[in-house]
1. For the range 338-435, run through the trypsin sites (Lys or Arg not before Pro) and keep only the ones in DSSP coil with at most 11 other Cβ atoms within 10 Å of their Cβ.
2. Report the residue, chosen from Asp292, Asp423, Asp365, that carries the largest GNM mean-square fluctuation when the chain is represented by alpha-carbon nodes joined by springs under 10 Å.
3. Per residue of the range 400-416, what does 6.51 cos²θ - 1.76 cosθ + 1.60 with θ = phi - 60° give for ³J(HN,Hα)? Whole Hz please, x for Gly and Pro, Karplus curve as stated.
4. Using the Karplus curve 6.51 cos²θ - 1.76 cosθ + 1.60 with θ = phi - 60°, work out ³J(HN,Hα) for each residue of the range 75-88 in order, rounded to whole Hz, and write x for Gly and Pro.
5. Would you kindly state the longest site-free stretch of the chain, with sites defined as chymotrypsin sites (Phe, Trp or Tyr not before Pro) in a DSSP loop (not H, G, I, E, B) surrounded by at most 10 other Cβ atoms within 10 Å?
6. Choose one of Gly400, Ser158, Gly244: the residue whose Cα lies farthest towards the positive end of the charge dipole of the chain (beta-carbon charges +1 Lys, Arg; -1 Asp, Glu; about the Cα centre).
7. Could you please state how large a percent of the accessible area of the chain is carbon and sulfur, counting protein chains only and using a 1.4 Å probe?
8. Looking only at Pro383, Pro78, Pro179, which one moves most when the chain is put into a Gaussian network model with springs between Cα atoms under 10 Å?
Amino acid sequence: MIEKLGLYVIPNLIKNRSVQNFIFLLTIQASNILISLISVPLLIQSIGLDQFGLVNLALSVIVLANILVGFGYNLSAPREVALSQGDKVRLSHLVSNIVSSRVLLALLASSFIMLAALGGGMFTEYKWILVFSLLLLFSEATLPVWFFQGLEKMKLVSLANVFAKLLYLAGIVLLIHEPTQSKWVNFLMGLSGLGINLLLLAYIHFQLGIRFFRPEFGKVIQSIRQNWLLFLSNVASYLSVNGGLIILSFFAEAQVLGMFSLAEKIAIVLRLFPSMLIQAVFPNASRLYAADLDSYHRYSKKIYAIGLLCGLGLTLLTFAAAPLIISLLAKKPLPESVEYLRVLAFVPFLAVLNFPNVLLLLVKDQKKLLFRSSWLLAIYVVPACFWLTAKYGAMGLCFGLISAEVVSLLVGTMFNWLYNREDFFRLIGFRVKGT
């Protein structure tokens, strides 16, 4: 009986679009993790721990600039695509304007970084690594994951991501052999991503019938204005979660940056789990919230329970296996990196605790609340991490990043209690009297 039930439930579960969305997003992140795990020891051996730290520091600056390029479209665009399914004219204008906006923002971000690095005397220790990393901005600008995510058709883009990462890995193996070649590491990542993204855009045009119109600058400016609060929210979130290496660079030498960046790289990969969970369920959750509140709350509770179990498993596994993970990646024991990783291992579980708060704010399109919550978090985290890093070094920074997840949970809960009380009570199993 149980076997028959399993044969019936599992195929139907796999046919569910949200489940497929999650599986293909998982494929994207799994390929990112795998390639990252393979590339780390190769890079440390070929360019050394010091240059590895500088490459990751440059990458942190680029990721910060990519927030400008993304400008909140990763949150707003899937919802717009999901609501525009079946209308190819509307989708065509949407795709044209979003891609144009992101390319324009990539040019703007590149100009600022070039001026700061070459004319402003900034980033002196890793100036050329950063300049060669700018191609990653255009890779981000042309990445159409948001389009396929909104359609809940992630198979092609997940396969394309795997292929791009394999091209990047092949480039490292074939071309990166000594510390002086460190400037090419992020360039290769950007080149492989940009090439595959252009092929995906060609597929969208020729196979899906989406036309590319000239950018409607009025609508481009309008969409940028509409996403302004989401952009500021993403900046605050980045500073709170991923800005650790930049903060540490003010207080530590390259060797310490290398050991911390090794642990942080793994922590950032783990931190992708709750983000990926939200991205996977967001389109379906938006439709459910608009059509049937009871179905939405049942759905969010089920996903939340699964997320908590997976997050706890990731945390416990990473904490226990930290010495082995660091030894495999660095090809030698690094006790400091192990200690950093054991503290940062608690990030995925703490982050997934906040899943229902973030999802609710997104499905209700409450950009102002997202903005306020993100900046309240940043106002706490940035000074706290600076103070802890100055006083206790890299370990202090680790505890600062952990505290960021706790404060994020408290802030998200506070806002939903104040502004979404009925939904908040339904989440915990109660109904507001009279509803």
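1. Numbers: sites: Arg342, Lys364, Lys367, Lys368, Arg372, Lys391, Arg421, Arg426, Arg431, Lys433; in loops: Lys364, Arg431, Lys433.
Those that pass, being in a loop and sparsely packed, are Arg431, Lys433.
2. Asp292
3. x, 5, 5, 4, 4, 5, 5, 5, 4, 5, 5, 5, x, 5, 4, 5, 5
4. The phi angles translate into 9, 8, 5, x, 5, 5, 5, 4, 7, 10, 4, x, 10, 5 Hz.
5. Here the longest segment lacking exposed loop sites spans 1-249.
6. Ser158
7. For the chain, the apolar C and S fraction of the accessible surface comes to 69 percent.
8. Answer for the Gaussian network model of the chain: Pro383.
The values are calculated or read from the model by the stated rules, or taken from the named source; none is laboratory data. The model shown is predicted, which means the values in this text are computed figures rather than measured ones. Here the Cβ is made from the backbone with ideal geometry for all residues, glycine too, and neighbour counts use every protein chain on show. Surface areas here come from the heavy atoms of the whole protein model, side chains and all, with no ligands, DNA or RNA. Shrake-Rupley method; radii C 1.70, N 1.55, O 1.52, S 1.80 Å.
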